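One structure below.
The values are calculated or read from the model by the stated rules, or taken from the named source; none is laboratory data. From a predicted model like this one, the values you see are computed outputs, not experimental measurements. Here Cβ is always computed from backbone atoms with ideal geometry, including for glycine, and neighbour counts include all displayed protein chains.
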Amino acid sequence: MKEYERKQLIERIDKEGATVGADIPEAIDVQGEEIDLREFVFEIKRRDTVPAGERERVERAKKNLRRERLQRRERIEDGEVSFETGEELATAIIGIDRALNALENLGPTDLEREQQTQRTADRKRWMKFLKKALGHEDDEKGVGAGRGR
């Protein structure tokens, strides 16, 4: 592969809107294992939330896809492949990016964290109510501030 061709492919991969209109590959070989990538992404995205048992699977898939993307990019950067192979690698990388974007933009994946956030917000509202009811609404340091001085 010629230097300008290599640069052209790298530029194509790094382009801001490269994934716009790109398809998620039907299947892809990731770390020596064939994955039905499109089916996996659509299966996960169909759900409103990712169940606890699936979270680890999704995180592992994202990690493996990032690793595969990096390895394919390095093959192009090394320039030791033909331009045709480089084009195939670039197309696959853009498809991987599209899949990663879809997996990164999933709805709430951590119900426990969401519940904890809700409990924290409820406590803050309750403390604010108590301060107001007890006449401490202008107390900026919180309940019990100034004790022991």
Exercise. How many residues are modelled with pLDDT under 85 and touching a Gly at 6+ places or on another chain (Cβ under 8 Å) when one looks only at the stretch 2-22?
Worked result: 1
Seminar exercise, completed: If we ask which residues in the stretch 34-53 are part of a strand (DSSP E or B) and either among the β-branched types (Val, Ile, Thr) or surrounded by 12 or more Cβ atoms within 10 Å (Cβ to Cβ) (or both), their number turns out to be 1
For this session: Could you tell me whether any residue of the stretch 79-87 is touching a Leu at 6+ places or on another chain (Cβ under 9 Å) and under 30 Å from GLN115 (Cα atoms)?
Result: no
Exercise. When the stretch 14-33 is examined, which residues are found to be β-branched (Val, Ile, Thr), free of Cβ contacts under 8 Å to residues at least 12 places away in the same chain and not in a loop (DSSP other than H, G, I, E, B)?
Worked result: none
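Given the residues GLU11, GLU74, GLU56, which is the only one that is part of a helix (DSSP H, G or I), under 16 Å from the mean Cα position of the chain (by Cα) and without any contact (Cβ under 8 Å) to a residue 40 or more places away in the chain?
Matching residue, one of GLU11, GLU74, GLU56: GLU56.
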Exercise. Of ARG60, ARG72, which residue is surrounded by 12 or more Cβ atoms within 10 Å (Cβ to Cβ) and not β-branched (Val, Ile, Thr)?
Worked result: ARG72
Exercise. Across the stretch 1-28, which residue is surrounded by the most Cβ atoms within 10 Å (Cβ to Cβ) among those that are closer than 16 Å to GLY86 by Cα and acidic (Asp, Glu)?
Worked result: GLU5
Exercise. Is it true that some residue in the stretch 92-110 is over 24 Å from GLU3 (Cβ atoms), at pLDDT below 75 and touching a Lys or Arg at 6+ places or on another chain (Cβ under 6 Å)?
Worked result: yes
